[in-house]
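The block underneath contains the structure these notes are about, expressed in structure tokens.
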Amino acid sequence: MKTVQVIDSHTEGEPTRVVVVGGPELGEGSISEKCDRFVTEFDHFRSAVINEPRGSEILVGALLMEPQSKECLCGVIFFNNVGVLGMCGHGTIGLMITLAHLGRIQPGRHMVETPAGIVEAELHTDHSVTVWNVPSFREIKNLSLEISGGKTIRGDIAWGGNWFFLCEDHGFELLLSNQKELTDFTIEVRNALHDAGYPKVDHIELFSPPSSIQADSRNFVFCPGGVYDRSPCGTGTSAKLACLAEEGKLKPGQTWIQESITGTTFQASYEEDPRNKNRIIPKIRGKAFITAETTLFFDEQDPLGF
Ligand code: PYC
């Protein structure tokens with residue numbers, strides 16, 4: 001019987017499942033080449049690790065691998081209920097806490113290869129991790145988008161390791177009790193973006209004032225598989241920082257507290273990218289906790305095994 005060992009954690013409410021033993025052999029090459037192989041040859045593995053009956057649609061998986069670059073601690077491919085992600089902020093925090101749980105790392109800074117680029121993560125001693133994300137930027141400012149009922153909304157398109165449409169002008173209260181309406185609305189926005197010629201944008205991020213006086217903003221982040229992020233979303237917060245930086249609304253080093261739809265927070269700031277003045281290096285700090293160590297079974301006689 002094939003077995004796969006995973007360790008589960010949650011980062012500010014959003015789960016991460018790290019595959020530590022039994023993942024597919026992806027051969028030689030860069031992490032992007034390995035990611036392509038994972039997508040084309042092992043999609044059944046992705047789905048079986050994440051989706052029911054072994055998991056749930058809200059899980060984000062992390063396939064741990066040897067790095068190509070010797071300066072990196074490891075490589076990782078993040079994946080969800082429908083495909084792979086370029087980068088994942090909450091997942092990187094969960095990965096570091098998992099590696100600490102396994103005794104493989106000590107507090108300090110470590111470099112991690114992802115398909116979106118190399119990121120740096122510092123493990124602290126209080127269950128928190130700081131991630132220096134991939135260079136992030138706003139691509140389109142104030143895009144006007146027609147949705148149903150002849151209504152027009154406005155928002156920005158930005159990259160933070162994944163592509164986001166960021167919108168304040170939605171008219172909803174960002175309350176967990178409204179999650180069904182928020183999900184329906186963000187699906188409609190995503191479809192409108194795709195029809196309008198922006199198929200790469202697969203994350204929709206709505207903003208409102210925060211509920212806590214300690215925070216600067218609250219968000220609802222719709223992910224490609226039709227579920228919402230329980231955390232403030234590391235790559236989504238990075239995209240937000242890129243927009244704020246370009247607007248001149250947040251200075252390098254200034255703290256931004258991003259609150260999620262569940263009320264959890266990430267502490268964020270940014271540095272200028274020394275290699276490109278139009279990009280920033282986001283810095284995101286949040287906490288993760290281990291929730292389970294599990295062996296997944298794949299019985300060859302099980303007709304629904306994958
Ligand atoms: O934290 O970057 C993130 C993320 C992406 C999708 C879910 N979480």
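Only the coordinates and a few stated rules stand behind these numbers; no lab work does. In this text, all values refer to a predicted model and were calculated from it rather than measured experimentally. For neighbour counting, all protein chains shown are included, and Cβ atoms are generated from backbone atoms with ideal geometry for every residue, glycine included.
What do you reckon, is GLU181 over 21 Å from LYS240 (Cβ atoms), part of a helix (DSSP H, G or I) and in contact (Cβ under 8 Å) with a residue 40 or more places away in the chain? Break it down stepwise before answering.
Working: over 21 Å from LYS240 (Cβ atoms): yes; part of a helix (DSSP H, G or I): yes; in contact (Cβ under 8 Å) with a residue 40 or more places away in the chain: no.
For GLU181, the condition - over 21 Å from LYS240 (Cβ atoms), part of a helix (DSSP H, G or I) and in contact (Cβ under 8 Å) with a residue 40 or more places away in the chain - is not met.
How many residues, within segment 10-36, are more than 15 Å from VAL49 (Cβ to Cβ), touching a residue at least 40 places away in the same chain (Cβ under 8 Å) and either touching a helix residue (DSSP H, G or I) at 6+ places or on another chain (Cβ under 9 Å) or not β-branched (Val, Ile, Thr) (or both)?
Qualifying residue count, segment 10-36: 8.
Quick one: in segment 206-218, which of the residues that are assigned to a loop (DSSP other than H, G, I, E, B) and hydrophobic (A, V, I, L, M, F, W, C) is farthest from ASN80 (Cα to Cα)? If you could, list the steps in order and put the result at the bottom.
From segment 206-218, those assigned to a loop (DSSP other than H, G, I, E, B) are 209-216; that's our starting set.
From the residues that got through so far, the ones that are hydrophobic (A, V, I, L, M, F, W, C) too are 213, 215.
Numbers: ILE213: 33, ALA215: 28 Å.
Here the answer is ILE213.
Which pairs do you get when a residue that is within 13 Å of ARG190 (Cβ to Cβ) and aliphatic (A, V, I, L, M), found in segment 152-177, comes within reach of a residue that is in a loop (DSSP other than H, G, I, E, B) and within 16 Å of the ligand (Cβ to nearest atom), reach meaning Cβ atoms under 9 angstrom, with the pair 6+ apart or on two chains?
Final answer for the pair search is ILE157/LYS200; ILE157/VAL201.
Of everything in segment 225-234 that's part of a loop (DSSP other than H, G, I, E, B) and in contact with a strand residue (DSSP E or B) (Cβ under 7 Å, 6 or more places away or on another chain), which residue is surrounded by the most Cβ atoms within 10 Å (Cβ to Cβ)?
Just the residues of segment 225-234 that are part of a loop (DSSP other than H, G, I, E, B), to begin with: 225-227, 229-233.
Restricting the remaining residues to those that are in contact with a strand residue (DSSP E or B) (Cβ under 7 Å, 6 or more places away or on another chain) gives 229-233.
Numbers: ASP229: 28, ARG230: 21, SER231: 32, PRO232: 35, CYS233: 32.
Residue satisfying both the conditions and the ranking: PRO232.
Among VAL201, VAL221, which is aliphatic (A, V, I, L, M), in a loop (DSSP other than H, G, I, E, B) and either touching a residue at least 40 places away in the same chain (Cβ under 8 Å) or within 13 Å of the ligand (Cβ to nearest atom) (or both)? Reasoning before the result, please.
Values: VAL221 fails: in a loop (DSSP other than H, G, I, E, B).
Of VAL201, VAL221, the one residue that is aliphatic (A, V, I, L, M), in a loop (DSSP other than H, G, I, E, B) and either touching a residue at least 40 places away in the same chain (Cβ under 8 Å) or within 13 Å of the ligand (Cβ to nearest atom) (or both) is VAL201.
Collect the residues in segment 120-134 that are touching a strand residue (DSSP E or B) at 6+ places or on another chain (Cβ under 6 Å) and either touching a residue at least 40 places away in the same chain (Cβ under 8 Å) or of a type in the set (Ser, Thr, Tyr) (or both), keeping them in residue-number order.
The initial filter retains those residues of segment 120-134 that are touching a strand residue (DSSP E or B) at 6+ places or on another chain (Cβ under 6 Å), namely 120-123, 127-134.
Within segment 120-134, HIS127, SER128, VAL129, THR130, VAL131, TRP132, ASN133, VAL134 qualify.
Report, by residue number, each residue of segment 52-64 that is crowded, with 17+ Cβ neighbours inside 10 Å and in contact with a Leu (Cβ under 9 Å, 6 or more places away or on another chain).
Passing the criteria: ARG54, GLY55, VAL60, ALA62, LEU63, LEU64.
Select from segment 235-251 the residues that are in a helix (DSSP H, G or I) and away from the ligand (no atom under 14 Å from the Cβ) and write down the one among them that is farthest from PHE78 (Cα to Cα). First the steps, then the outcome.
The initial filter retains those residues of segment 235-251 that are in a helix (DSSP H, G or I), namely 235-247.
Now restrict to residues that are away from the ligand (no atom under 14 Å from the Cβ): 243-247.
Values: CYS243: 25, LEU244: 27, ALA245: 27, GLU246: 28, GLU247: 31 Å.
Result: GLU247.
Please verify whether segment 162-176 includes one or more residues that are buried (at least 22 other Cβ atoms within 10 Å of the Cβ), farther than 20 Å from PHE266 by Cβ and not basic (Lys, Arg).
No, segment 162-176 has no match at all.
Which ones in segment 195-217 are closer than 17 Å to GLU259 by Cβ and exposed (fewer than 11 other Cβ atoms within 10 Å of the Cβ)?
Keep residues of segment 195-217 that are closer than 17 Å to GLU259 by Cβ, which gives 205-217.
Within segment 195-217, ILE213, GLN214 meet the criteria.
Select from segment 160-193 the residues that are closer than 24 Å to ARG279 by Cα and more than 16 Å from the ligand (Cβ to nearest atom) and list them in ascending order. Show your work before the answer.
Taking segment 160-193 first, the residues closer than 24 Å to ARG279 by Cα are 160-168, 193.
Correct list: CYS167, GLU168, LEU193.
Out of segment 132-146, which residues are in contact with a helix residue (DSSP H, G or I) (Cβ under 7 Å, 6 or more places away or on another chain) and buried (at least 16 other Cβ atoms within 10 Å of the Cβ)?
Kept after step one, since they are in contact with a helix residue (DSSP H, G or I) (Cβ under 7 Å, 6 or more places away or on another chain), are these residues of segment 132-146: 133, 136-138, 145-146.
ASN133, SER136, PHE137, ARG138, LEU145, listed by residue number.
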